[in-house]
Structures are given as structure tokens and as C-alpha cells.
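What follows is a single structure, written as C-alpha cells, with notes after it.
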Amino acid sequence: MNEAIPIHSLPKSKDQIPALKIYRFKNSTDIQQGLPTPLPITPMPTNAPHRHTYYEILFIEEGQGFHEIDFHSYAVQGAGLHFLTPGQVHLLNFSTAWTGYIVAFSEDFYSFYNPGAPSLATFPFFQPAHRQPVISLKAADCHYFHNIMENMAADHLMEPTEQSLTGSYLGLLLQKCAVLGKREPQIYEGQTSGVPELIGRFQELVEKNFREMHEVQQYATKLGVSPDYLSKVVKKYLSTSSQEYILDKLLLEAKRLLVFTNLSSKEIAYHIHIEDPSYFGRIFKKKTGLTPNEYRDHVRKSAIY
């Protein structure tokens, strides 16, 4: 096992605008049958734990297997959409050939080509709290997304590539996904309607800064509110305290590193900017009931891979 979880990054385009890439699955039907496909397969292994610096949408038209995302296993049984945010650890476990597309993109790419559109953090499938990263698709929905992806891929492969077209397709793709989410609210069980903008901004800030910023005061300052007010709103809408929310993010990262790397508990504490490893061990055991090393042994023995 490596000392670090492999991280996949996207190259930048010639004009330095972060690129969008469209891939086929490594074991797609076309590739298994030796048929030519203009789209590349993902350049890095996907059947081993890894993370991305970018967002991903997996449009699965056919296939069976499992998708492991941050210690949760999601069955793949036919058509569906799967969503990933930067930093999540995941792997794909194929039991049959998969047909579909993987769209990999950065927040900068989406924002650049969709000015004025909702931020990525506003989409339910990308929201950090109560995230539900899978939408099952009916036949008509699958046909709709297939047509979008066929056209998007064709324009993406043109030389020279017209990035603005690809960016517009991405915006359309996400808007349609959001429509499906609203039409089937049970997919997002646990989401609260009417959540104030402050909650989304807090979640987004924590997602980007939790390794370095551990105190509620730091987030309250950036958000322009008092720590007491922030804590009150977070408690109301997320059913947890602001401090616990930040701590949960820290411990999730620690769990990723414990399971998917050989870093010591001390090294992991330093990685998440906890200068006292013994304090890290105490809060980890308080939250999980296990020491960091006990957790590592327990999860690895449970055959998550």
C-alpha cells in the first residue's frame, strides 16, 4: 500500500483555462469487444482507492458492480448517475462490462463557461451535508442523457475544441440532474428545504479549508457573522454543532488516510494540522470508539476493497 492516496488531476488547456475531460469506463463494452472509440479511457486505475482534485459525473447506461465512496458502498444495477466532489476517496468494482461516460471537470471550468449560473455547492448531489451521490435513471431519462453526452462528446472531440460549447453542455447536464432531484425528493432524504445561503457557504468553506481551519471563529469571520449566530443556524439546519461539523470533516480525512495509506497516526495528525498527536488520538477514539490504529486494522479486515 502506498504512503499516500493517489490523486488524479486534470491538465490545463493551452489557454490555461482548466480542462474538462470525457472518458469511457476502463471495462466498457466497446473496449472489451475491441471496437474503436474516439474517447479515451481514464488514464489512472479506478479499481483501487483514489481521489480527484476535480468533480466527476459518472453516467452509467448499463452495468453491474459497486461504487465505493468514502466508506459507503453503492450498488450499480443498470442506468444511473453518480457524483463525486474533490477530495472524496472512491473506487469502482466491476462485475460486468459498463457502458457510459465519465465527465471530469473543475469548479473553475464550470464557473468560467456558466457565468451567473448556480454554484456547484447549490446542487444537492454536491452539497457536503446529507450528500446522496446517486440518481437512478428511468429509460426515458437514460435516453435523454445519452443524447446530451453523444453531442457533448462530439463537440469535445472537434479540433480545435470549442470549449464554450462543452461548458454549455456541462451546465445543461447539471441543470437536468437538478431537475431529476427535485422530481424525486426521496433521493435526497434528509435535505431541508429553505436552507439559507449561509449554510451552503459554510459547508463550502469547510470543504475547502477543514485541514487548516479548525475553529468556528475562523469560519464566522470569513462569513461575516458572529460565531454564536453561525452555530445557531448550523444547529437548526444541519442538526449538529458547527464545531462538530468541522471535526467530522477532519476525522473523515483521517479515516481515509488510515485505511488507504501507511502513514502513521502521528503523520496523519500533522497532515490535518493537529500539532499534538496524543490529542488527535483522544478525539479520534472519543468519536469512533477505537484508536486510530485499531480503526485501521478493523476497516482493512472488513474487506472494503
How about the range 92-128: which of its residues are assigned to a loop (DSSP other than H, G, I, E, B), over 16 Å from the mean Cα position of the chain (by Cα) and not aliphatic (A, V, I, L, M)?
-> S95, T96, N114, P115, G116, P118
Just one of (1) surrounded by fewer than 17 Cβ atoms within 10 Å (Cβ to Cβ); (2) touching a helix residue (DSSP H, G or I) at 6+ places or on another chain (Cβ under 9 Å); (3) at pLDDT below 95 trips up K301, so point out which.
-> (2)
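I'd like to check which helices (runs of 4 or more DSSP H) are fully inside the range 195-269 and have at least 1 residues that are open to solvent by less than 20 Å² (accessible area, probe 1.4 Å) and of a type in the set (G, A, S). Let's see the steps before the verdict.
Numbers: elements: 197-209, 216-223, 227-238, 242-260.
Because the criterion is at least 1 residues that are open to solvent by less than 20 Å² (accessible area, probe 1.4 Å) and of a type in the set (G, A, S), the helices (runs of 4 or more DSSP H) in the range 195-269 that meet it are 216-223, 242-260.
Could you list, in sequence order, the residues of the range 242-295 that are among the aromatic types (F, W, Y) and either out of contact with any helix residue (DSSP H, G or I) (no Cβ under 9 Å at 6 or more places or on another chain) or in contact (Cβ under 8 Å) with a residue 60 or more places away in the chain (or both)? So that I can check it myself, show each step before the final result.
The first filter runs over the range 242-295 and keeps only residues among the aromatic types (F, W, Y), leaving 245, 260, 270, 279-280, 284, 295.
Listed by number, the residues that qualify are Y245, F260.
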May I ask you to list the residues in the range 129-145 that are open to solvent by 50 Å² or more (accessible area, probe 1.4 Å), outside any loop (DSSP other than H, G, I, E, B) and not hydrophobic (A, V, I, L, M, F, W, C)?
-> S136, H143, Y144
Residue by residue through the range 270-282, note down the ones that are farther than 15 Å from E215 by Cα and surrounded by fewer than 17 Cβ atoms within 10 Å (Cβ to Cβ).
-> Y270, H271, D276, P277, S278, Y279, R282
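For the range 76-91, give me each residue that is under 21 Å from H146 (Cα atoms) and within 14 Å of the chain's Cα centre (by Cα).
We begin by selecting, within the range 76-91, every residue under 21 Å from H146 (Cα atoms); these are 76-84.
Result: L81, H82, F83, L84.
Every residue, every condition in (1) under 18 Å from N27 (Cβ atoms); (2) open to solvent by 30 Å² or more (accessible area, probe 1.4 Å); (3) not aromatic (F, W, Y), yes or no:
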position: M44; (1), (2), (3): yes, yes, yes
position: R51; (1), (2), (3): no, no, yes
position: Y54; (1), (2), (3): no, no, no
position: G63; (1), (2), (3): yes, no, yes
position: D70; (1), (2), (3): no, no, yes
position: S73; (1), (2), (3): no, yes, yes
position: V76; (1), (2), (3): yes, no, yes
position: L81; (1), (2), (3): no, no, yes
position: E107; (1), (2), (3): no, yes, yes
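The values are calculated or read from the model by the stated rules, or taken from the named source; none is laboratory data. Here the structure is a predicted model, which means the values were calculated and not measured. Methodologically, a virtual Cβ is constructed for each residue, glycine included, from the backbone with ideal geometry; neighbour enumeration extends over all protein chains shown. Protein only, heavy atoms only, side chains kept; ligands, DNA and RNA dropped before computing areas. Shrake-Rupley method; radii C 1.70, N 1.55, O 1.52, S 1.80 Å.
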